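The structure under discussion appears below in the form of structure tokens.
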Amino acid sequence: MGISMILKLKNGVILIGLLLGGWASYSTYTYFFDTAIPQVSLSGISDDDYYSGDVQCGVKSNKTGDISVWLDEQPLINRFKIGASDQDQPFIIPTKTISNGKHAIRVELVDKSYRKNKVVINRSFNVDNVPLQAAFVKADADYKVFQGRTLHVQFQVNKEIKQACISTLSNTYQCFPESKGSLIYESFIPITCEETPNEYLFSAAITDRVGNMLNLENKFQIVLYPFKKQVIDIAPEKLAQEKNEAHITNDDTKEIFERVRKNSPREKLWKGAFCAPIDIVRVTCEFGTIRTTQHKGRYAHKALDVINRPKSVVWASQDGIVAIKERFEAGGNTVVIDHGYGVLSEYYHLDSFANIEVGQKIAKGNPIGKIGMTGYATGYHLHWAMWVNDVPVDPMQWTQQTF
């Protein structure tokens, strides 16, 4: 072997020795002086979510160390060695071996340093291994509804659910608890005045918190309603006067009302039956009446016109939030109350407003104004309307205890 080769081997050995020595020094340093907390992630379990069956979980860390897992303070994994890796170290939570309801998991990782740097992850979750069951409250009921009215459907479930909706008439309608915490869910399906009388199917799609799905099906009948006819005349001077005094013209009214209905809160703000907003002496125009006027032609009057003494009090027909308080060209002084879930009541032609403001909560029976004849009105009366999921319906039906 030549001298040059021997020198190269010698230098190589020295270099390896230096590298090994440096590595040993670095390892010794990090072992004794590493204070960095391990970065640990837990997959498969999210806070306050719902799970069933065997839940596949994983732990990933940027450091080597020992991992321990506790389920409801009982050890599930004890000091399992984990390496720094991009891959999850898997483990399983067998939810069928524990009770339904809320549980807690704690993951602890201790690294390999002298200081035993530690990180802890705490999460709560819910177990639901109960099979989903549901049935219509009126399973054998003969569902019938007139044109222009509302179909009220209720079903009962055996546990809290994530969501439910009813599909019919080419639309989907949200379901919600009858009251807070109730296992009876309901939906209100508006039937337009123009809907063809016939028998129709409806189905309820129900999904629980862990993704199980159940479908209920039934049918209902839309019944022909004999809408009346009416002809009225409004003086041209009255139309001109209202256009001048209105804050909002007819051109802008539709957009404002559509925006309010669209933004109705996904919360049931009312409870029980509605009430009439005045002591009704007489109904001067029934809901759905086919009305003819010189300025609008022929159209369906989709509200109730009711009367009492001029300038007598008008009150809220149910709990809700004041959504509109404004002077419109056709409606005159108008108040709209949002009852949640797309259910709104509207009060037109008020003489004056009560001390209320848009956005405030209002209780059933609270005054909102006085009977007037502002807007396109030929005499003192209240135009009382209800909208459900962007469809006008007969408000008197909502005052019935059996509804």
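The values are calculated or read from the model by the stated rules, or taken from the named source; none is laboratory data. Just so you know, these numbers come straight off a predicted model, no measurement behind them. We place every Cβ from the backbone using ideal geometry, glycine too, and count neighbours over all the protein chains shown. The protein model used for the area step is the full one, side chains on, heavy atoms only, and it has no ligands, DNA or RNA in it. Shrake-Rupley method; radii C 1.70, N 1.55, O 1.52, S 1.80 Å.
If you go through region 350-370 and pick out every residue that is open to solvent by 10 Å² or more (accessible area, probe 1.4 Å) and closer than 15 Å to Pro395 by Cβ, you end up with 1.
Residues in region 99-153 that are closer than 15 Å to Asp72 by Cβ and open to solvent by 40 Å² or more (accessible area, probe 1.4 Å): 7 in all. Being modelled with pLDDT of 95 or more and either within 29 Å of the chain's Cα centre (by Cα) or not basic (Lys, Arg) (or both), is that true of even one residue in region 113-122? Yes, there is a match, as at least one residue in region 113-122 is modelled with pLDDT of 95 or more and either within 29 Å of the chain's Cα centre (by Cα) or not basic (Lys, Arg) (or both).
Report the residue count in region 273-325 for those that are polar (S, T, N, Q) and closer than 28 Å to Gly359 by Cβ.
3
The set of residues from region 316-355 being aromatic (Phe, Trp, Tyr) and within 28 Å of the chain's Cα centre (by Cα) comprises Tyr341, Tyr347. In this structure, Thr196 does not qualify as modelled with pLDDT of 95 or more, of a type in the set (S, T, N, Q) and touching a Pro at 6+ places or on another chain (Cβ under 6 Å).
When restricted to residues that are closer than 19 Å to Asn126 by Cβ, in a strand (DSSP E or B) and not small (Gly, Ala, Ser), region 144-169 contains 4. If you go through region 198-235 and pick out every residue that is farther than 15 Å from Cys175 by Cα, among the β-branched types (Val, Ile, Thr), open to solvent by less than 40 Å² (accessible area, probe 1.4 Å) and not in a loop (DSSP other than H, G, I, E, B), you end up with 1.
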